[in-house]
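The values are calculated or read from the model by the stated rules, or taken from the named source; none is laboratory data. Remember, it's a predicted structure, so these values are computed and weren't measured experimentally. We place every Cβ from the backbone using ideal geometry, glycine too, and count neighbours over all the protein chains shown.
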Amino acid sequence: MTKTDLIEKVSLKTTGLTKKQTEIIVNMLFDSIKEALATGDKIAIRGFGSFRVRNRRNREGRNPKTGETVTVPEKRVPFFKAGKELKEVVDGKAPG
Amino acid sequence: MKKVDIANELYEKIGISKKEAMDIVELVLDTLKDSLKNGEIVKIAGFGNFVVRNKRERKGRNPKTGEEIGISPRKVVTFRPSHIFKEYVNGQKPQVESLESQKSE
(Lines give C-alpha, C1' and ligand atoms only; values in the text may rest on other atoms or scores of the structure.)
Protein backbone atom coordinates (compact mmCIF):
# COMPACT_ATOMS: atom_id res chain seq x y z
CA MET A 1 0.00 0.00 0.00
CA THR A 2 1.36 3.39 -0.96
CA LYS A 3 0.40 6.76 0.44
CA THR A 4 -1.88 7.28 -2.55
CA ASP A 5 -3.71 4.02 -1.75
CA LEU A 6 -3.95 5.04 1.89
CA ILE A 7 -5.49 8.39 0.96
CA GLU A 8 -7.92 6.62 -1.37
CA LYS A 9 -9.01 4.21 1.36
CA VAL A 10 -9.38 6.89 4.00
CA SER A 11 -11.23 9.10 1.55
CA LEU A 12 -13.80 6.34 0.90
CA LYS A 13 -14.56 6.10 4.59
CA THR A 14 -14.93 9.81 5.29
CA THR A 15 -17.87 11.95 4.46
CA GLY A 16 -17.80 15.61 3.61
CA LEU A 17 -14.19 15.74 2.53
CA THR A 18 -12.86 15.71 -1.00
CA LYS A 19 -9.97 13.43 -1.90
CA LYS A 20 -7.76 16.50 -2.21
CA GLN A 21 -8.66 17.60 1.32
CA THR A 22 -8.01 14.11 2.63
CA GLU A 23 -4.64 14.14 0.91
CA ILE A 24 -3.70 17.41 2.59
CA ILE A 25 -4.75 16.10 5.99
CA VAL A 26 -2.90 12.78 5.63
CA ASN A 27 0.25 14.59 4.54
CA MET A 28 -0.08 16.96 7.45
CA LEU A 29 -0.46 14.05 9.85
CA PHE A 30 2.83 12.48 8.80
CA ASP A 31 4.48 15.89 8.73
CA SER A 32 3.46 16.57 12.32
CA ILE A 33 5.10 13.31 13.40
CA LYS A 34 8.29 14.30 11.58
CA GLU A 35 8.14 17.78 13.04
CA ALA A 36 7.71 16.46 16.58
CA LEU A 37 10.70 14.14 16.27
CA ALA A 38 12.83 16.86 14.73
CA THR A 39 12.19 19.04 17.77
CA GLY A 40 13.13 16.20 20.11
CA ASP A 41 9.59 15.31 21.08
CA LYS A 42 8.28 11.77 20.98
CA ILE A 43 4.89 10.43 20.02
CA ALA A 44 3.03 7.62 21.68
CA ILE A 45 -0.13 6.32 20.06
CA ARG A 46 -1.88 3.79 22.21
CA GLY A 47 -2.50 0.50 20.44
CA PHE A 48 -0.38 1.50 17.48
CA GLY A 49 3.09 2.34 18.66
CA SER A 50 5.52 5.10 19.41
CA PHE A 51 7.92 7.19 17.40
CA ARG A 52 11.06 8.64 18.89
CA VAL A 53 14.58 9.58 17.95
CA ARG A 54 17.53 7.37 18.75
CA ASN A 55 21.05 8.65 18.87
CA ARG A 56 23.80 6.86 17.01
CA ARG A 57 27.32 7.44 18.28
CA ASN A 58 30.05 8.28 15.82
CA ARG A 59 31.94 5.24 14.66
CA GLU A 60 34.81 4.13 12.55
CA GLY A 61 33.75 3.19 9.07
CA ARG A 62 35.58 2.28 5.94
CA ASN A 63 35.26 3.47 2.43
CA PRO A 64 34.45 0.16 0.73
CA LYS A 65 36.11 1.30 -2.50
CA THR A 66 39.43 2.52 -1.18
CA GLY A 67 39.60 0.69 2.17
CA GLU A 68 40.35 4.04 3.79
CA THR A 69 39.20 4.46 7.41
CA VAL A 70 36.76 7.29 7.96
CA THR A 71 34.83 8.51 10.95
CA VAL A 72 31.10 8.27 10.52
CA PRO A 73 29.72 11.21 12.53
CA GLU A 74 27.12 10.75 15.24
CA LYS A 75 23.56 11.12 14.07
CA ARG A 76 19.96 10.84 15.05
CA VAL A 77 17.62 8.28 13.52
CA PRO A 78 13.83 8.04 13.69
CA PHE A 79 12.71 4.92 15.51
CA PHE A 80 9.32 3.24 15.64
CA LYS A 81 8.30 0.71 18.24
CA ALA A 82 5.10 -1.18 17.56
CA GLY A 83 2.49 -1.13 20.33
CA LYS A 84 1.09 -4.23 21.96
CA GLU A 85 -2.11 -4.29 19.94
CA LEU A 86 -0.38 -3.74 16.59
CA LYS A 87 2.12 -6.47 17.43
CA GLU A 88 -0.64 -8.92 18.21
CA VAL A 89 -2.70 -8.03 15.16
CA VAL A 90 0.27 -8.47 12.83
CA ASP A 91 1.19 -11.78 14.44
CA GLY A 92 -2.40 -13.01 14.03
CA LYS A 93 -2.98 -13.17 17.77
CA ALA A 94 -5.64 -10.50 18.05
CA PRO A 95 -8.53 -9.49 15.84
CA GLY A 96 -7.68 -6.30 14.09
CA MET B 1 2.79 13.96 22.15
CA LYS B 2 -0.25 11.76 21.82
CA LYS B 3 -2.95 11.04 19.28
CA VAL B 4 -5.09 13.95 20.49
CA ASP B 5 -2.15 16.32 20.05
CA ILE B 6 -1.81 15.31 16.41
CA ALA B 7 -5.55 15.78 15.94
CA ASN B 8 -5.35 19.20 17.61
CA GLU B 9 -2.61 20.23 15.21
CA LEU B 10 -4.79 19.29 12.26
CA TYR B 11 -7.65 21.19 13.81
CA GLU B 12 -5.54 24.30 14.31
CA LYS B 13 -3.90 24.18 10.89
CA ILE B 14 -6.88 23.50 8.68
CA GLY B 15 -9.94 24.31 10.67
CA ILE B 16 -11.75 21.01 10.50
CA SER B 17 -13.55 20.24 13.74
CA LYS B 18 -11.74 18.47 16.56
CA LYS B 19 -14.03 15.50 16.10
CA GLU B 20 -13.31 15.31 12.37
CA ALA B 21 -9.58 15.60 12.98
CA MET B 22 -9.66 12.80 15.53
CA ASP B 23 -11.76 10.62 13.22
CA ILE B 24 -9.28 11.05 10.39
CA VAL B 25 -6.29 10.23 12.58
CA GLU B 26 -8.06 7.07 13.77
CA LEU B 27 -9.00 6.14 10.21
CA VAL B 28 -5.46 6.52 8.98
CA LEU B 29 -4.08 4.40 11.82
CA ASP B 30 -6.75 1.72 11.35
CA THR B 31 -6.07 1.58 7.63
CA LEU B 32 -2.35 1.18 8.25
CA LYS B 33 -3.06 -1.55 10.78
CA ASP B 34 -5.40 -3.42 8.41
CA SER B 35 -2.82 -3.41 5.70
CA LEU B 36 -0.05 -4.63 7.99
CA LYS B 37 -2.37 -7.29 9.34
CA ASN B 38 -2.50 -8.75 5.83
CA GLY B 39 1.27 -8.75 5.73
CA GLU B 40 1.30 -5.94 3.21
CA ILE B 41 4.15 -3.45 3.03
CA VAL B 42 3.07 0.15 3.57
CA LYS B 43 5.06 2.81 1.77
CA ILE B 44 4.59 6.41 2.80
CA ALA B 45 6.61 8.64 0.50
CA GLY B 46 8.74 11.14 2.42
CA PHE B 47 8.09 9.31 5.68
CA GLY B 48 9.10 5.67 5.48
CA ASN B 49 8.02 2.08 5.01
CA PHE B 50 6.30 -0.22 7.44
CA VAL B 51 7.32 -3.79 6.74
CA VAL B 52 6.12 -7.07 8.22
CA ARG B 53 9.00 -9.47 8.74
CA ASN B 54 8.90 -13.16 9.53
CA LYS B 55 11.04 -14.19 12.45
CA ARG B 56 12.24 -17.78 12.72
CA GLU B 57 12.00 -19.74 15.90
CA ARG B 58 15.00 -19.14 18.12
CA LYS B 59 16.27 -19.87 21.57
CA GLY B 60 16.15 -17.15 24.16
CA ARG B 61 17.00 -16.88 27.77
CA ASN B 62 15.12 -15.46 30.68
CA PRO B 63 17.51 -12.68 31.66
CA LYS B 64 16.49 -12.95 35.30
CA THR B 65 16.81 -16.66 35.84
CA GLY B 66 19.16 -17.60 33.00
CA GLU B 67 16.70 -20.31 32.03
CA GLU B 68 16.69 -21.22 28.36
CA ILE B 69 13.35 -20.88 26.58
CA GLY B 70 12.14 -21.30 23.02
CA ILE B 71 10.88 -18.21 21.20
CA SER B 72 8.20 -19.21 18.73
CA PRO B 73 8.31 -18.03 15.10
CA ARG B 74 6.43 -14.77 14.71
CA LYS B 75 5.67 -11.81 12.52
CA VAL B 76 6.89 -8.39 13.55
CA VAL B 77 6.48 -4.87 12.19
CA THR B 78 9.52 -2.81 11.46
CA PHE B 79 9.67 0.78 10.31
CA ARG B 80 12.31 1.94 7.87
CA PRO B 81 12.40 5.72 7.82
CA SER B 82 12.89 7.39 4.44
CA HIS B 83 16.10 9.36 3.86
CA ILE B 84 14.00 12.53 3.93
CA PHE B 85 12.82 11.72 7.45
CA LYS B 86 16.37 10.82 8.55
CA GLU B 87 17.74 14.09 7.22
CA TYR B 88 14.88 15.95 8.81
CA VAL B 89 15.66 14.77 12.36
CA ASN B 90 19.29 15.68 11.81
CA GLY B 91 18.35 19.25 11.09
CA GLN B 92 18.89 19.12 7.37
CA LYS B 93 16.06 20.97 5.74
CA PRO B 94 14.47 19.45 2.64
CA GLN B 95 15.68 20.94 -0.64
CA VAL B 96 12.62 23.10 -1.29
CA GLU B 97 12.82 24.92 2.03
CA SER B 98 16.52 25.63 1.76
CA LEU B 99 15.92 27.23 -1.64
CA GLU B 100 13.28 29.45 -0.11
CA SER B 101 15.48 30.50 2.78
CA GLN B 102 18.23 31.41 0.32
CA LYS B 103 15.83 33.69 -1.51
CA SER B 104 14.88 35.52 1.65
CA GLU B 105 18.47 36.09 2.66
Scan the stretch A:62-77 and give yes if some residue there is within 17 Å of residue B:44 (Cα to Cα) and crowded, with 16+ Cβ neighbours inside 10 Å, otherwise no.
no
Among the residues of the stretch B:65-90, how many are of a type in the set (Ser, Thr, Tyr) and within 28 Å of residue A:53 (Cα to Cα)?
3
Specify the residue that is surrounded by the most Cβ atoms within 10 Å (Cβ to Cβ); the eligible residues are those in the stretch B:23-64 that are assigned to a loop (DSSP other than H, G, I, E, B) and free of Cβ contacts under 8 Å to residues at least 24 places away in the same chain.
B:40
Residue that is farthest from the chain's Cα centre (by Cα) [pool: residues in the stretch A:12-26 that are surrounded by 15 or more Cβ atoms within 10 Å (Cβ to Cβ) and touching a residue at least 12 places away in the same chain (Cβ under 8 Å)]
A:22
Checked B:60, B:46 against criteria (on the phi > 0 side of the Ramachandran plot, assigned by TED's automatic domain parsing to the domain that holds residue B:86 and at pLDDT 90 or above); the one match is B:46
Which of the residues that make up the stretch B:1-22 are surrounded by 17 or more Cβ atoms within 10 Å (Cβ to Cβ), among the hydrophobic types (A, V, I, L, M, F, W, C), more than 7 Å from chain A (Cβ to nearest Cβ) and assigned to a helix (DSSP H, G or I)?
B:7, B:21, B:22
